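The values are calculated or read from the model by the stated rules, or taken from the named source; none is laboratory data. All values reported here derive from a predicted model rather than from experimental measurement. Note that each Cβ is placed from the backbone with ideal geometry, even for glycine, and that neighbours are counted across all protein chains shown.
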Amino acid sequence: MGHDVLVENHTTRPHHVAVVGSGPSGFYAAAALLDAGTDGGLDVRVDMFDRLATPWGLVRLGVAPDHPKIKSVSAQYDKTARREEFRFFGHVHLGDDEELRSTGEGGGVITRDELLERYDAIVYAVGSQTERRLGIPGEDLPGSIASVDFVGWYNGHPDHAALDPRLDSERAVVIGAGNVALDVARMLLLPEADLRTTDTADHALHAFVASGVRETLICGRRSVREAAFTTTELRELDDIADLTVVVDPEQAPPGIADDDTLTKGARRNLELFSGWAQRGPDPDAKHRMEFRFLRSPVEIRGDGRVEEIVLGINRLETGEDGRTRAVDTGERETVTTGLVLRAVGYRGVALPGLPFDDDSGTVPHTEGRVEGHDREYVVGWIKRGPTGIIGTNKKDANETVRHLLADLAERAPIERADDHHEAVEAWLRERCPDLVDQEGWEAIDAHERGRGEPDGRPRVKVVDRDHFIELSRPR
């Protein structure tokens, strides 16, 4: 629907849109909304909310610290944040009525109903905030850690800064065959010199340097052909000093990549795995990363903490539907370890008052419109599940925003006072006394970058909530 229709129906006041969540999908949605204003003559105002003091979501708190090029996408988000029609409000938690009552006068909690009263539309960009479970005995033993927690710990996520994992085991077992599994396995084995050039949180940096881990074993449920690693991440393993990559020659034999039905990316991956398999381990390497496929965790054992993991050996079978599945053969192998990292996927969390599909961990929707809810929309992982790369969120957000704007064009405007924009901020500051606005985040950002500069690091992250608040206050 053209912008001319929108302008005709809405010449009397700005359109106020709330974006809940400040990760990639939230910023792409905000940019698309503001571009609609610039390109189509609309007056669109975007307020972005996050329960943390800092924006950027997984770009700040999920991307591995040794991947600064991926993190550089934050420059695009900064450009959006500098637009006059945009406001950032951190340390604002979207909760339910019970949470609101439990915090007295609000205490940083706002509700969905309160946002619906003040905004023409709400876009939920909250991602997938928790883990998928293995569902096996011993999963909750100390030393068995979800990757979402471990990644948050070394990236300085305030929720996970106190994790304090024990890294005194010589071997760590990583369950999963995707980039997150590869990230956590690689971070455990990076040389100290490499770590000290990153924005790894200081508490994790010190722990990695003192770590006793010398080997990571990455276990994938299916075969090497089905592994979900990206070629770029696999290739960089050869550039890590004192690291040998170990693959069973039977699992990646010569010629395994000679299959025209495979994508170019899959063939490149198989060439790498076959090369490592034929090369064999370097006995002089200080660190070892082993890939073991057709393995599923069956049980984690230990007396008070992880001591070993039992792996089931699988075979592949193709069903009548043509899909290949990993089937347990009944054979078992036991691996000694004091650390198990579970990297089998992220999962969305239900939002107050919205429908939720428990199987997929997403909000049911039609092209971004929340089912049965006018004026409410979803983008990113809470919309489609934890799939794709950072850039995938742009197309996803554009789809949702296109429908949001079309809905605004067909809907009668909600009456607002002339000072509505200012009144919303006044309400927020009264409700959320520890609110961090864009200026406050920029002060935090400058402080972190300044701390990192003397040592050639991108930043030294703040992880303490009170410190965030202190830094964000005008000097």
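Test of understanding: among ARG82, ARG87, ARG101, which residue is surrounded by fewer than 20 Cβ atoms within 10 Å (Cβ to Cβ) and at pLDDT below 95?
ARG101
What are the residues in the stretch 168-192 that are in contact (Cβ under 8 Å) with a residue 40 or more places away in the chain and in a helix (DSSP H, G or I), if any?
ASN179, VAL180, ALA181, LEU182, ASP183, VAL184, ALA185, ARG186, MET187, LEU189
Looking only at the stretch 176-209, which residues are within 18 Å of the chain's Cα centre (by Cα) and not charged (D, E, K, R)?
Across the stretch 176-209, the qualifying residues are GLY176, ALA177, GLY178, ASN179, VAL180, ALA181, LEU182, VAL184, ALA185, MET187, THR200, ALA201.
Conditions (1) among the small types (Gly, Ala, Ser); (2) outside any loop (DSSP other than H, G, I, E, B); (3) more than 21 Å from the chain's Cα centre (by Cα), marked per residue:
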| position | (1), (2), (3) |
| --- | --- |
| PRO386 | no, no, no |
| VAL401 | no, yes, yes |
| ALA406 | yes, yes, yes |
| GLU470 | no, yes, yes |
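Could you give me the residue pairs with C-beta distances under 6 Å whose first residue belongs to the stretch 257-273 and is free of Cβ contacts under 8 Å to residues at least 60 places away in the same chain, whose second residue is assigned to a loop (DSSP other than H, G, I, E, B) wherever it lies, and which are 6+ apart or on separate chains?
Pairs found: ARG267/ALA257; LEU270/ILE256; LEU270/ALA257; GLU271/ALA257; PHE273/ALA252.
Evaluate the following for GLY380: is it surrounded by 24 or more Cβ atoms within 10 Å (Cβ to Cβ) and over 24 Å from GLY135 (Cβ atoms)?
When the stated conditions are applied, GLY380 passes them.
Restricting to the stretch 337-376, and then to whatever is of a type in the set (Asp, Glu) and in a loop (DSSP other than H, G, I, E, B), can you tell me which residue is surrounded by the fewest Cβ atoms within 10 Å (Cβ to Cβ)?
Only one residue tops the list, namely ASP359.
Taking ALA266, is it assigned to a helix (DSSP H, G or I), within 19 Å of GLU215 (Cα to Cα) and of a type outside the set (D, E, K, R)?
no
So is THR232 loosely packed, with under 15 Cβ neighbours inside 10 Å and either within 28 Å of ARG347 (Cα to Cα) or touching a Cys at 6+ places or on another chain (Cβ under 7 Å) (or both) or not?
Judged against the criteria, THR232 is a match.
Which one of these is closer than 30 Å to ASP194 by Cβ and assigned by TED's automatic domain parsing to the domain that holds GLU439: VAL46, VAL59?
Sole residue among the options that is closer than 30 Å to ASP194 by Cβ and assigned by TED's automatic domain parsing to the domain that holds GLU439: VAL59.
Residue pairs, Cβ under 6 Å, 6 or more apart or interchain, first in the stretch 323-344 and in contact (Cβ under 8 Å) with a residue 40 or more places away in the chain and under 21 Å from ARG133 (Cα atoms), second surrounded by 13 or more Cβ atoms within 10 Å (Cβ to Cβ) and among the basic types (Lys, Arg). List them.
Close Cβ pairs satisfying both conditions: ALA326/ARG221; ALA326/ARG222; THR337/ARG171; VAL344/ARG132.
Of everything in the stretch 33-58, what is under 28 Å from ALA181 (Cβ atoms) and either of a type in the set (Phe, Trp, Tyr) or touching a Pro at 6+ places or on another chain (Cβ under 6 Å) (or both)? Give them in sequence order.
Correct list: TRP56 only.
Scan the stretch 444-474 for residues that are over 26 Å from ALA64 (Cβ atoms) and surrounded by fewer than 19 Cβ atoms within 10 Å (Cβ to Cβ) and jot them down.
The answer is ASP466, ILE469, GLU470, ARG473, PRO474.
Just one of the numbered conditions (1) over 15 Å from ALA121 (Cα atoms); (2) out of contact with any Phe, Trp or Tyr (no Cβ under 7 Å at 6 or more places or on another chain) is not true of ASP374; which one?
Checking ASP374 against (1) over 15 Å from ALA121 (Cα atoms); (2) out of contact with any Phe, Trp or Tyr (no Cβ under 7 Å at 6 or more places or on another chain), the one that fails is (1).
Take the residues of the stretch 153-162 that are crowded, with 17+ Cβ neighbours inside 10 Å and of a type outside the set (Phe, Trp, Tyr): which is farthest from VAL335 (Cα to Cα)?
Per the criteria, the residue is PRO158.
Report yes if ARG416 is surrounded by 15 or more Cβ atoms within 10 Å (Cβ to Cβ) and at pLDDT below 95, otherwise no.
It is true that ARG416 is surrounded by 15 or more Cβ atoms within 10 Å (Cβ to Cβ) and at pLDDT below 95.
From LEU188, LEU182, LEU205, which residue is within 25 Å of GLU271 (Cβ to Cβ) and of a type in the set (A, V, I, L, M)?
It is LEU182.
Can you say whether THR232 is within 16 Å of ILE70 (Cβ to Cβ) and assigned to a loop (DSSP other than H, G, I, E, B), as far as the supplied structure shows?
no
Among the residues that make up the stretch 121-135, is at least one of them within 21 Å of VAL463 (Cβ to Cβ) and among the charged types (D, E, K, R)?
Yes, there is a match, as at least one residue in the stretch 121-135 is within 21 Å of VAL463 (Cβ to Cβ) and among the charged types (D, E, K, R).
Given the conditions (1) assigned to a helix (DSSP H, G or I); (2) among the hydroxyl-bearing types (Ser, Thr, Tyr); (3) over 26 Å from HIS16 (Cβ atoms), and given that SER128 satisfies all but one, which numbered condition is not satisfied?
SER128 satisfies all of (1) assigned to a helix (DSSP H, G or I); (2) among the hydroxyl-bearing types (Ser, Thr, Tyr); (3) over 26 Å from HIS16 (Cβ atoms) except (1).
Please tell me if LEU294 is in contact (Cβ under 8 Å) with a residue 12 or more places away in the chain and either surrounded by fewer than 19 Cβ atoms within 10 Å (Cβ to Cβ) or within 22 Å of ASN179 (Cα to Cα) (or both).
yes
Spot the failing condition for PHE291; the list is (1) aromatic (Phe, Trp, Tyr); (2) modelled with pLDDT of 95 or more; (3) under 19 Å from the mean Cα position of the chain (by Cα), and only one is missed.
(3)
Give the number of residues within the stretch 51-72 that are within 16 Å of PRO458 (Cα to Cα) and of a type in the set (A, V, I, L, M, F, W, C).
Qualifying residue count, the stretch 51-72: 6.
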